[in-house]
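What follows is a short report on a single structure.
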Amino acid sequence: MDALSIAGVVIGFIAIVGGNYLEGGSLSALVNLPAAFIVAGGTFGAAALQTPLPRLRLALARLSWVFAPPPLDFQGGVAKIVRWALAARKEGLLGLETVADSERDAFARKGLQLLVDGSEPDSIRAVMELETDLREQRDVDAARVYESMGGYAPTIGIIGAVLGLIHVMGNLADPAKLGPGIAVAFVATIYGVAAANLFLLPVASKLRARARLESQYREMMIEGVIAIAEGENPRAIELKLTGFVEHR
Amino acid sequence: MDALSIAGVVIGFIAIVGGNYLEGGSLSALVNLPAAFIVAGGTFGAAALQTPLPRLRLALARLSWVFAPPPLDFQGGVAKIVRWALAARKEGLLGLETVADSERDAFARKGLQLLVDGSEPDSIRAVMELETDLREQRDVDAARVYESMGGYAPTIGIIGAVLGLIHVMGNLADPAKLGPGIAVAFVATIYGVAAANLFLLPVASKLRARARLESQYREMMIEGVIAIAEGENPRAIELKLTGFVEHR
Amino acid sequence: MDALSIAGVVIGFIAIVGGNYLEGGSLSALVNLPAAFIVAGGTFGAAALQTPLPRLRLALARLSWVFAPPPLDFQGGVAKIVRWALAARKEGLLGLETVADSERDAFARKGLQLLVDGSEPDSIRAVMELETDLREQRDVDAARVYESMGGYAPTIGIIGAVLGLIHVMGNLADPAKLGPGIAVAFVATIYGVAAANLFLLPVASKLRARARLESQYREMMIEGVIAIAEGENPRAIELKLTGFVEHR
Amino acid sequence: MDALSIAGVVIGFIAIVGGNYLEGGSLSALVNLPAAFIVAGGTFGAAALQTPLPRLRLALARLSWVFAPPPLDFQGGVAKIVRWALAARKEGLLGLETVADSERDAFARKGLQLLVDGSEPDSIRAVMELETDLREQRDVDAARVYESMGGYAPTIGIIGAVLGLIHVMGNLADPAKLGPGIAVAFVATIYGVAAANLFLLPVASKLRARARLESQYREMMIEGVIAIAEGENPRAIELKLTGFVEHR
Amino acid sequence: MDALSIAGVVIGFIAIVGGNYLEGGSLSALVNLPAAFIVAGGTFGAAALQTPLPRLRLALARLSWVFAPPPLDFQGGVAKIVRWALAARKEGLLGLETVADSERDAFARKGLQLLVDGSEPDSIRAVMELETDLREQRDVDAARVYESMGGYAPTIGIIGAVLGLIHVMGNLADPAKLGPGIAVAFVATIYGVAAANLFLLPVASKLRARARLESQYREMMIEGVIAIAEGENPRAIELKLTGFVEHR
C-alpha cells in the first residue's frame, strides 16, 4: 500500500475543492458534464489513437502499482544471492538446480538456469541485460501513456473552454448571461489542467520511478549471478551488492 | 486493422462535437471555411517548406499504417529462425541457399545471403545493423513530419484567431457584432489545437512506436542470424530470442 | 531547384492572406510598418548578439540551399567508389593518384590522397570522420541560427503587441479608437508567429535535414574508402554501400 | 553557510513586495488564504503522488544544504590522497590499514579498504564508480522533486486563478464587485509563479549543482585511489589531481 | 572587439524604442521604476539562490567576452604545433623543455611539460582531456547562468504585470484610470521578455559557442601533442590539424 500516493490524490483534491469553498465558490460551480465529456473523451481519444493496444492495456494495469505496488525487497535479494553463492561453493553450480526449481521470481530463475547450464559470464550478462532493457522500456512506455495524456488534457481543456466561449459570445449583448456562461467555459480548463497536474503527470512520474527501481533490482541480480559464475566468494559478493541497497 | 486507432479518432471527434452539443452550441458554430483554409494551408505550407520531398511522400504513405498496419509476427519470426538453424545444422550454411531464395522478407533474405556467403559474424552484424539504423531513422523522420505539423497547427490556429480578432476589432463600437465575430475567430484556435492533439501528434506517436517495433523485430533477426553464424544450437537460439517476444 | 520549398512558402503566404480575405478582412489591415520594424529588428538584433560572425554569414549563405540545393548523387557516389575499387585492384593503390587529381569533390579527393599515401584504415577513418563531424556541426550551427530566430520572433512579436496595447490603453475612455488600435497591436503578434512558423523554423529544419544527408553521403564515402584500403572486392563494396542508397 | 542562497531568497522577496509597494499597491492585496491553500496543497499533493517516500524525505532533508551546505574540501582531498600515496610508498598498501580505520569519510574509507584488500584497479574503479553513480542519481532525484514542484506550482496557480474568475463571473453585472474579485483571483497566479521561479526551481538547480560537485569530488577520490593502486609516484598523482581543483 | 555583439544589442534596443516611437507611443511610457525593480530584483534573486558563488562570479566576468573576446588563433596554433614537432624531430622531446618555459598559454605549456616528462600518449590524452572537459563544463555553467536568468525574467515580468493588474483592478469602476494603470502593468512584461530575448538568452548562446570554440582549440592542441608524442612527421601533423581550421 503506497499511502503517500493516496494522500497525494486526496490532498490535491481537497486543495481545489476546499480552496474553491474558502473563496466562497459553490461546489456545483465545479461540476459541468459537457466539460467533463470533452476533456475525458478528447484525452482518451488521443491516447487511444497514439498507443498500441498491448501498451494501453499494460498502462491501465500498471495504475494499480501507483497505489499498491508489489513489494521489492533489495535486502532480501542480497540475502538470496548470498545463499546461492554459498550453495554454489558447497555443491558446485549444478547444486543450484534445485534452488532454481523453487525460485518464484521468473527473472532470478532464468539467471539460476543460466548458471546451472554453465553459460559463460558474458553470455549470461547479455541475455539478462537484454531482458532488463526490454522490460524497462516496456514499463517506461506504459508510464509514457499517462505522460502523453497529461500533455493532451490541458490543451483539450482549452478546446472545451473555447467551445464554451464561442457559445457564450452569441449572447454578448446580454451581460447578465455572459458571466455564468464564461464560468462554465472555464471549468473545462480546470478539468484539463487539474487532471494533468494532479493525476496524470504525477502517476507517470511514479511509474517511471518504479520502472527504474525494478531495473536497479534486476541489475543487482545480474551482478550477483555474474559474480557467482565467476566464483567470487560469498562475502565479497555481499559487500559489492550492498552498494545497491545503501544508495538507492 | 488497428481498431484502436480508428476508435481514437472517432472518440476524439465525438468528444468535441458532442461536448459542443451538450453545452447547447450548434454544430454550425464549429464550421468556418476561412479558419480551415488558414490552419490547413499554413500547417501544410510549413511542412512542405521544411520537409524533403521523399520524406513527405513516405510520411503520407505511412499514414495508412496507423489504421491498417502490416502484420509483424515475432513468434513466427522466432520459429523461422529456429527452422533456419536446424537446416544449417543438417546441411551446413550452404543449405540455407534454397531457403534464402524462397524468403519473402527482403531483410531476412539479406541475412540468409550473408550466411550463405560465409561472412564473418561481425561483418554480418555491421551490414544488418547499418540497414536497421537507416530504416528506423527514415521511419522516425516520416513520423516527425506529423510531429512538426502538430507543432505548427496550434500556432497557425492562433494566427487565424488573431486575424479574426483584428477584423472584429474594427467593429468594437457595435457590441452586437462583436460576439459572433469573436466566436468565428476562436474556431481557428479550435481547428489548430484539435488537429494537433486529436490527430497529428498521436499519429506521429503511433508511427514512432511502430518504427521501434520494426527495429526490435530486425534486431531479433540479427541476433538469430549471428547465432546461426556462430553455430549455436537451435534450442539455445530459441531460448535467447524468446526474450524479444515476451517483454515486447 | 527545390520546388517543394518554394511551394511551402507560397502556400503558407496564401493561407494567411487568402484566409484574411475570406474572413472579410482587408489586406491593408495586415500591413503595419512599426510592427514589422519591431519584429524584424528585435529578431535580427537577438540573432546578431548571439551568433559569431562566420556562423551568421554561413547561415545567410545556406539560405539559398533551401530553395536550390546543390545536387548530391548517392547512386553516382557508389558508382564512383566502385570505379576506384576496380582501379585499385588493377593498378594498386598508387594507381588512384591520377584519379585523385581529377576528382572535383574535395572530401573525396582527401580520401583518395590518404589511400595513395598508404595510410592505415583506422587513421583514414579518424581523419575523414573528424572532418565529417566538424562539417556537420558547422552546418547544424548554421541551421540553428534560423531555429533561434524562430524562437525569438514570436516573443518579440508579443513585445510589439504589448507596446501597441500600452499605447492604446491611453485612450480606453474612447471605445471608437480602441478597436483599431488593438488591431494594429495584434499585427505584431502575427508577424512574429508567422515569421517563425511559416519561414524560420521550417528553414532551420530543412537545413538540418540537408546537413544530415551530407553526413550520410560522407559516411558512405568513408565506408567505401576504408573498404578499398582493406582490399575488399569491388562487388562486395557495392553491395555494402547500396544500403545507404536504398534506405535513405 | 551559503550567504548567496539566503540573499537570493531575500532579494526575490523584496523585489515582489517592494515592487508592489512602489506601484502603490497595499501589502494586504498580496495576502490571500484560499489562494495559498490551493497552490500549496495542489503542488504538494502532486509531489506526494509522484514521489516515492524515501525520495521525498531526502528532498526535504537536502533543503538545508541549499542554505548551509556541508563543507567539501577539494584541496584538502588532494592533500589527503598524497599523504596516502606517501604512506603506501613507505609501508606498502597494507600500511593504509590504520589510515583507513581513522578516515571519517565513508566513501574514502571504502576506497582505502579496497586498496588494503589488494583489489585490482579495474575492480576498485567498478565498485567506487557504481557507488558514485548511485549516489549522484539519488541526489539528482531529490533535486528533481523541487524541479517538478516548480513545474506544478504555476499551473496550480492558474487553476486557483480560474477558480477565482469563475466565482467572480457570477457577479459580472456588478462592475464594482468585479475588480476586487479579479484581483483576488490573480493572487493565486502570483503565488504559483513566484513559488516556482523565486524558490522551487532555483533550489532544484542549486541541489543539482551540489550533486555534481560531490560527484566530481568522488571522481577525484577514485582517480587518486586508482593511481595509488597502480603505484604512481605521489608527485605525479598530485599533478594529475590538481586539474580537478583548478578548473572546478 | 566583437562588433556584431554590440550591433545586436543596439539593433534590438532601437527596434523596441524606435518601434514604439513609430507607433506613436511616448518614450516615457516605457520607463517604469517599480516594474524595473521587480524584474531585475526577482531575476537576480532567483539567479543568486540557484548559483554557487564562484560560478556567479565567473558568469559576470565572462560577460566581457561577449563584447571583447580574447583572441583565439587556430592558424597560429597549428603553426606553433608544427614548430614544436620540428624541434622534437631535431632535438628530441627533451628539446621542448626550453619551448615549454617560454610558452604563455598554460594549457599548451602543460602539454609540452607532459611531452618533456616522456609520458605515454594515452596518459597525456587522459590528463589533457580531463582538463578540457572540466574547463568546458565550467564555461558552459557560466553561460547557463544567463540562460536561467533568461528563463526567469519573463515569468517575473508576468508577476510584475499581474501585481500591476491587481492594483488597477481596485479602480475598475473608473475607466479613465483603468487604461493608464494597465499600461504601466504591461511594461513589466516588456522588461521581462525584452531582457530575456534581446540580452540574456543571446548572451548565454554566445558564451556557449565560445566555450565550444575553446574546446575545439584545445582538442586541436591535444591531437597535435599526441601526434608529436607518437613521433609523426611535422607535415602529416599539419595536414591533420588543418581539418580543425578549415571546417570550424
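The values are calculated or read from the model by the stated rules, or taken from the named source; none is laboratory data. This is a predicted model, so every value here is computed, not measured. Because the Cβ atoms are built from the backbone with ideal geometry, glycine has one as well, and the counts that use them run over all protein chains shown. Calculation scope for accessible area: heavy atoms of the full protein, side chains included, ligands and nucleic acids excluded. Shrake-Rupley method; radii C 1.70, N 1.55, O 1.52, S 1.80 Å.
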Problem - Every pair of residues 6+ apart whose Cβ atoms lie under 7 Å, when the first sits in the stretch A:73-94 and is over 17 Å from A:N233 (Cβ atoms) while the second is among the hydroxyl-bearing types (S, T, Y) - result: A:F74/A:Y217; A:G77/A:Y217
Handout entry: Hits in the stretch C:98-124 - residues which are within 14 Å of chain E (Cβ to nearest Cβ) and open to solvent by 70 Å² or more (accessible area, probe 1.4 Å)
Key = C:R109, C:Q113, C:D117, C:E120, C:D122
Problem - Checklist (1) within 30 Å of C:L49 (Cβ to Cβ); (2) open to solvent by less than 60 Å² (accessible area, probe 1.4 Å) applied to E:L53, failing item - result: (2)
Practice task
Search the stretch A:190-214 for residues that are more than 9 Å from every other protein chain (Cβ to nearest Cβ) and of a type in the set (D, E) and pair each with any residue that is assigned to a helix (DSSP H, G or I) and open to solvent by less than 20 Å² (accessible area, probe 1.4 Å) when their beta-carbon atoms are under 7 Å apart and the residues are at least 6 apart or on different chains.
Solution key: A:E214/A:D139
Exercise for the section: Any chance you could count how many residues in the stretch A:69-80 are within 14 Å of A:R104 (Cα to Cα) and surrounded by 12 or more Cβ atoms within 10 Å (Cβ to Cβ)? Expected result: 3
Handout entry: Test for D:A142: is it crowded, with 17+ Cβ neighbours inside 10 Å, of a type in the set (A, V, I, L, M, F, W, C) and farther than 30 Å from A:Y217 by Cα
Key = no
Problem - Where a residue in the stretch C:132-150 is over 11 Å from C:R212 (Cα atoms) and its partner, wherever it lies, is open to solvent by 30 Å² or more (accessible area, probe 1.4 Å) and outside any helix (DSSP H, G or I), with Cβ under 8 Å and at least six apart - result: C:L134/E:R248; C:R138/E:R248
Fill in the blank from the handout: Within the stretch E:27-38, residues open to solvent by 60 Å² or more (accessible area, probe 1.4 Å) and outside any helix (DSSP H, G or I) come out as E:V31
Problem - Residue among C:G12, C:G8, C:G19 that is more than 20 Å from C:M149 (Cα to Cα), away from chain E (no Cβ under 14 Å) and either of a type in the set (F, W, Y) or not in a loop (DSSP other than H, G, I, E, B) (or both) - result: C:G19
Exercise for the section: Please tell me if A:W84 is open to solvent by 50 Å² or more (accessible area, probe 1.4 Å), more than 9 Å from every other protein chain (Cβ to nearest Cβ) and either in a helix (DSSP H, G or I) or under 24 Å from D:G157 (Cβ atoms) (or both). Expected result: no
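Rundown of residues vs (1) open to solvent by 40 Å² or more (accessible area, probe 1.4 Å); (2) of a type in the set (F, W, Y); (3) closer than 30 Å to E:V162 by Cβ, yes/no style:
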{"position": "D:A40", "(1), (2), (3)": "yes, no, yes"}
{"position": "D:G45", "(1), (2), (3)": "no, no, yes"}
{"position": "D:A59", "(1), (2), (3)": "no, no, yes"}
{"position": "D:E91", "(1), (2), (3)": "yes, no, no"}
Practice task
Being more than 9 Å from chain D (Cβ to nearest Cβ) and farther than 28 Å from D:V66 by Cα is the filter here, so list the residues in the stretch E:25-67 that pass it.
Solution key: E:G25, E:S26, E:L27, E:S28, E:A29, E:L30, E:V31, E:S64, E:W65, E:V66, E:F67
Completion exercise
Residues in the stretch A:215-240 that are at the interface with chain D (Cβ under 9 Å from one of its Cβ atoms) and either open to solvent by less than 30 Å² (accessible area, probe 1.4 Å) or at pLDDT 90 or above (or both) total 2
Exercise for the section: Have a look at B:G164, B:G181 and point out the one that is open to solvent by less than 10 Å² (accessible area, probe 1.4 Å), over 33 Å from the mean Cα position of the chain (by Cα) and within 17 Å of B:L30 (Cα to Cα). Expected result: B:G164
Problem - Matching residues, the stretch D:51-79, being assigned to a loop (DSSP other than H, G, I, E, B), more than 10 Å from the chain's Cα centre (by Cα) and under 21 Å from D:Y217 (Cβ atoms) - result: D:A68, D:P70, D:P71, D:L72, D:D73
Exercise for the section: With respect to A:G95, determine if the residue is away from chain B (no Cβ under 14 Å) and surrounded by 12 or more Cβ atoms within 10 Å (Cβ to Cβ). Expected result: yes
Exercise for the section: Can you run down the residue pairs with Cβ atoms below 7 Å, 6 or more apart or on separate chains, where the first is in the stretch D:51-62 and under 15 Å from D:V203 (Cβ atoms) and the partner is hydroxyl-bearing (S, T, Y) and at pLDDT 95 or above? Expected result: D:A59/D:Y146
Exercise for the section: Tell me, please, whether a residue that is more than 30 Å from D:G160 (Cβ to Cβ) and open to solvent by less than 70 Å² (accessible area, probe 1.4 Å) can be found in the stretch A:17-24. Expected result: no
Handout entry: Residue under evaluation E:G243, criteria (1) over 30 Å from E:G92 (Cα atoms); (2) modelled with pLDDT under 85, criterion not met
Key = (1)
Exercise for the section: Could you tell me which residue of the stretch A:145-161 is farthest from B:E219 (Cα to Cα), considering only residues that are within 7 Å of another protein chain (Cβ to nearest Cβ) and open to solvent by 20 Å² or more (accessible area, probe 1.4 Å)? Expected result: A:I158
Exercise for the section: Please specify each residue of the stretch A:95-107 satisfying the condition of being in a helix (DSSP H, G or I) and over 17 Å from A:L134 (Cβ atoms). Expected result: A:G95, A:L96, A:E97, A:T98, A:V99, A:A100, A:D101, A:S102
